[in-house]
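Visitor: The structure is given below, and queries will be raised subsequently.
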Amino acid sequence: MHGRLLRPFKWLDLLGAAFLFFLIREWLLPLLRLTDTGDLLAFYDLIGGVLLLDLMLRSRWLGAFLKLAGALYLLHFNYIQTPLFSKDWLLEIFVRLQRDIPLAMLQHWTEMSLVTRNLLFYLMIAAIVSLLSYLVIEQRQALWFVIMTETYLATLDTFLPYEADGAIIRALIAGFLLLAVTHFSSMQQLAPAKGKSLRFWKTLIAPVMIIALAVGVAYAGPKHDPEWPDPIAYFTGNGSEVGTGYVKRVGFDNSDELLGGPFVQDNGLVFTATTNEKTYWRADSKDVYSGVGWQKGERSYEDILNPATHAWKDQLFKGFETKKVEASLQFSPETRYPTIFYPGQLTGVKNYKPANATFVYDKDNEQVEVRAGQINVVTQKEGQPPGVGDPKIVPNTILMKMNHYDLTAEVPIISEKKILASGSNYPAAIKEKYLQLPKELPQRVKDLAEKVTANAKTPYEKVRAVENFLRTGGEYSYETTDVPVLQQGQDFVDQFLFVTKRGYCDHFSSSMAVMLRTVGIPTRWVKGFAPGTETQTRGDQKVMEIHNKDAHSWVEVYFPDYGWIPFEATSSFISPLRVQYDLANQPAAQPIVPGITPQKPRDLNPDRLDERDAQTGGAKKSSGFSWGLLLGIGVILAIAGFVFWKKRDALYIWWLHRRMTSSATQRFPDKYNALIRLYERIFTRRQQGETLREYVKRLEVSGDRRQDLLYVTQLFERILYGFKELEGKAKETGDKIMERLTNQLKP
């Protein structure tokens, strides 16, 4: 019985496992420096236990069970107070796994519970160590892992704040000894010498002495100073190091949910603009401040099938004198966006390429999104039978990046007399949406805003008071590299105003928008590009080059009867606001800003522009390694690859079925997408270029089921291309049919 369960004991294999343990340990030690991991003892116990089980047991299944039991024990020991032999904590873990595994598959790492993340991390480590044990100890393939370990440590030492000199030496010693042990173990297996095993042990003396001598001389010998430049500065184009944190590369993107942290310059060209006016390039705005970043709330859309003939009028502001801006934008092939960038408010777009472009206009945020042509859909009215409806042409759902377009726009010239008299009679919809603040916003932010605006009587005076306070108050400095990331529980604006007092445009603009909201003035956060760098002048036309480093954010403030007016809070930027100082007895060059003594802005430089985070997304931004991403990928690959590989289709179908039936409040498009994936797994996959209707008609199912599928497909198209959710009877009918179709499919 023992012979069937246990492997024969081999000293060389045990010694090889010990050296392998020390190599794996070098992979974990950087966690103490690069992340918030406080103790590695649990990991060491797990790795040692897995290596011993693989050495001792013949049965893989028994080993897998014991490894799972060990991972659960470590989880209980570190995180759970319930008695070990109580079933309550096991049931709780099972419930959490049911909730968190789908989140892991969707890469929503931060939404998973701490217990689930650690359990999956333990299982991932156990699976990886088992694989290493098999390849290195059983198959004697150790060289690749030694090389990989040295490369890993050298990379950390080069690009991250981790001193790996000692780790490289330790890994070199353990790696060479592991190679020697596995080599002699192979020799012993090929030519067994019964009763003469002492000879094999004596042969280890020579490699140990050679390794000790070579490493000792190399470590103790004199060394030249580094002759290569710092790699981070080399690759980013800077001549000096860029801080000690984890920096982001600049550029325009939509990842604004978590702001803060340092960044590095990026001089990559985005587009070249030939224009008669040097001005900001607006792209989008956001209205919901979460305490850590900005998001969009509810919005409404308008389809624009022919942008060249569309009439744009008074989207942002009205009632002021304006200046007409004409611009021709040519984008770099490497950096293009499915968004129209425009100055002031847009009045026309023409000569765009690709010529089949259509637009979807976000009327709440004034964002113009580019779509790849147009498509025909059938819009079904409530009560109509399946297959019956009104044909409609709408923009394609596929985003398209523009190469070139010409535009006309207008920028406001503010009458100070008018704007001072605009008052604070805001529409209810404006107040509800643009005075939003998180409940956790610290009170001292509001106290500061009230103090700054204490002598201001009108909303405009309050706006200029806050703007001047941030731009020229003397307390806040423009900084891009020495900028701390936001810690758990901190408010982004509060951190900047009271703790760090340094940052870039995201800090200044967010602070201005939030401070004004606390005193009852509607604001929103705007992003796009600063004017860029002027490279040529052709008569009254300027050739501007806009680079990634020119990505910028500012503030728009709402004034009754006049709309949204831009303001600039960042000290190193020239304001886009044009003001006509037309008050009687008011000096033409001096705006009214109560309570603030005007000062010359520090370091005023129109070419020094904000650089935004360029990662695609919103991954998470932190000062540590992306271990959440590593955890998720490792868990999915390791567990699916070595435990559930043979049953992957059945497990996926089960998960989809659970997703369809577990939540009655799930949105209809999500349920429909899950249903289609379920049919693809059980029946046949969609072909490339095949529409949903063509796929449903091709399925080999009964007539009644096909009719139901066609009906919910039409409802899905109605939501997708009509930009609104189902309501009333249509929603009730659609949910019932989805439930019936789901119950007909058994995993």
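Visitor: Starting from the Cα of Lys671, draw a straight line to each of the aspartates and glutamates and keep only those under 17 Å, dropping any in the same chain fewer than 8 residues away.
Guide: Straight-line reach from Lys671, under 17 Å: Glu680, Asp708, Glu717, Glu725, Glu727, Glu732, Asp735, Glu739.
Visitor: Quick check: residue separation of Gln541 and Asp704 times 0.36 nm, minus the Cα distance between them. What number comes out in nm? Can you show the working numbers first?
Guide: Working: separation 163, 0.36 × 163 = 58.68 nm, distance 6.55 nm.
Result: 52.1 nm gained on full extension.
Visitor: Further, regarding this structure: Please list, in order along the range 497-513, the HN-Hα scalar couplings obtained from phi with the Karplus expression 6.51 cos²θ - 1.76 cosθ + 1.60 (θ = phi - 60°), rounded to whole Hz, x for Gly and Pro.
Guide: Those phi angles translate into 5, 10, 10, 7, 6, 8, x, 10, 5, 4, 5, 5, 5, 5, 5, 5, 4 Hz.
Visitor: May I pose another question? What list of ³J(HN,Hα) values in whole Hz, one per residue of the range 735-742 in order, does the Karplus curve 6.51 cos²θ - 1.76 cosθ + 1.60 (θ = phi - 60°) give from phi, with Gly and Pro shown as x?
Guide: Along the range 735-742, the couplings run 5, 5, 5, 4, 5, 5, 5, 5 Hz.
Visitor: Which ³J(HN,Hα) values in Hz, rounded to whole numbers, follow from the phi angles of the range 532-546 under the Karplus curve 6.51 cos²θ - 1.76 cosθ + 1.60, where θ = phi - 60° and Gly and Pro get x?
Guide: x, 10, 7, 10, 8, 10, 10, x, 8, 9, 10, 9, 10, 9, 10
Visitor: Let a ≥ b ≥ c be the square roots of the eigenvalues of the Cα gyration tensor of the range 291-444; is it rounded (a/c under 1.5), or, if not, prolate (a/b larger than b/c) or oblate? Don't skip to the answer; put the middle values down first.
Guide: On the way: a/c = 1.77, a/b = 1.25, b/c = 1.41.
Here the range 291-444 falls in the oblate category.
Visitor: Next question, about the same structure. Under the 0.36 nm per residue contour assumption, what length would be gained going from the current alpha-carbon distance of Thr322 and Glu727 to full extension? Present the calculation step by step, with values, prior to reporting the outcome.
Guide: Details: separation 405, 0.36 × 405 = 145.80 nm, distance 4.27 nm.
Computed gain between Thr322 and Glu727 is 141.5 nm.
Visitor: For the range 473-543, with all protein chains present and a 1.4 Å probe, just round the carbon and sulfur fraction of the accessible area to a whole percent. Show your work: numbers first, answer last.
Guide: Numbers: 930 of 2280 Å².
Taking all protein chains in place, the range 473-543 shows 41 percent carbon and sulfur surface.
Visitor: Quick one: which residues, 5 or more positions from Gln374 or on another chain, have an amide H under 5 Å from its amide H? H modelled 1.01 Å from N in the peptide plane, none for Pro or chain starts.
Guide: Asn396
Visitor: Something else about it: Just the accessible area per residue of the range 331-453, please: how many Å² with a 1.4 Å probe? Working shown, then result.
Guide: On the way: 5820 Å² over 123 residues.
Solvent-accessible surface per residue comes out at 47 Å².
Visitor: As a test question: what accessible area, to the nearest 10 Å², does Lys431 have when a 1.4 Å probe is rolled over all protein chains in place?
Guide: Per-residue accessible area (Lys431): approximately 100 Å².
Visitor: Let me ask something else. Would you mind computing, in nm to one decimal, how far apart the modelled labels at Phe77 and Asp482 are, each placed 7 Å from Cα along Cα→Cβ?
Guide: So the label points at Phe77 and Asp482 sit 4.4 nm apart.
Visitor: Which value, in Å² rounded to 10, gives the accessible area of Thr339 with a 1.4 Å probe and all protein chains present?
Guide: 10 Å²
Visitor: Given H placed on each backbone N at 1.01 Å, which residues far from Ser290 in sequence or on other chains put an amide H within less than 5 Å of it?
Guide: It is Gln295, by chain and number.
Visitor: Let me ask you something else. Quick check: from the Cα gyration tensor, does the range 258-371 come out rounded (a/c under 1.5), prolate or oblate? Working shown, then result.
Guide: Working: a/c = 1.42, a/b = 1.14, b/c = 1.24.
Rounded.
Visitor: Let me ask something additional. Give me, ordered by chain and number, the residues 5 or more places off Ile413 or on other chains with an amide H under 5 Å from its own placed amide H.
Guide: Glu321, Thr322, Lys323
Visitor: Assuming 0.36 nm per residue, please report the length gained on full extension of the stretch Thr151 to Glu694 beyond their Cα-Cα distance. Mind showing how you got there, number by number?
Guide: On the way: separation 543, 0.36 × 543 = 195.48 nm, distance 5.05 nm.
My answer for the length gained is 190.4 nm.
Visitor: Another question, if that's okay. Along each principal axis of its Cα atoms, how long is the range 361-502 end to end? Whole angstroms, biggest number first, please.
Guide: 64, 42, 40
Visitor: Follow-up question, since we're still on this one. Rg and Dmax of the range 429-498, Cα atoms, in Å?
Guide: That works out to 14.1, 40 Å for Rg and Dmax.
Visitor: Residues of the range 145-162 with backbone nitrogen within less than 18 Å of a virtual label 7 Å along the Cα-to-Cβ line of His183, please, listed as ranges.
Guide: 145-148
Visitor: What order do Trp61, Trp281 take when sorted by accessible area (1.4 Å probe), most exposed first?
Guide: Numbers: Trp61 200, Trp281 0 Å².
The most accessible residue leads, giving Trp61, Trp281.
Visitor: Using a Förster radius of 22 Å, what is the FRET efficiency between Glu440 and Val499 based on their Cβ-Cβ separation? Nearest 0.05, please.
Guide: Once rounded, the FRET efficiency stands at 0.90.
The values are calculated or read from the model by the stated rules, or taken from the named source; none is laboratory data. These figures come from a predicted structure and were not determined experimentally. As a convention, Cβ positions derive from the backbone with ideal geometry for all residues, glycine included, and neighbour counts pool all protein chains shown. Protein only, heavy atoms only, side chains kept; ligands, DNA and RNA dropped before computing areas. Shrake-Rupley method; radii C 1.70, N 1.55, O 1.52, S 1.80 Å.
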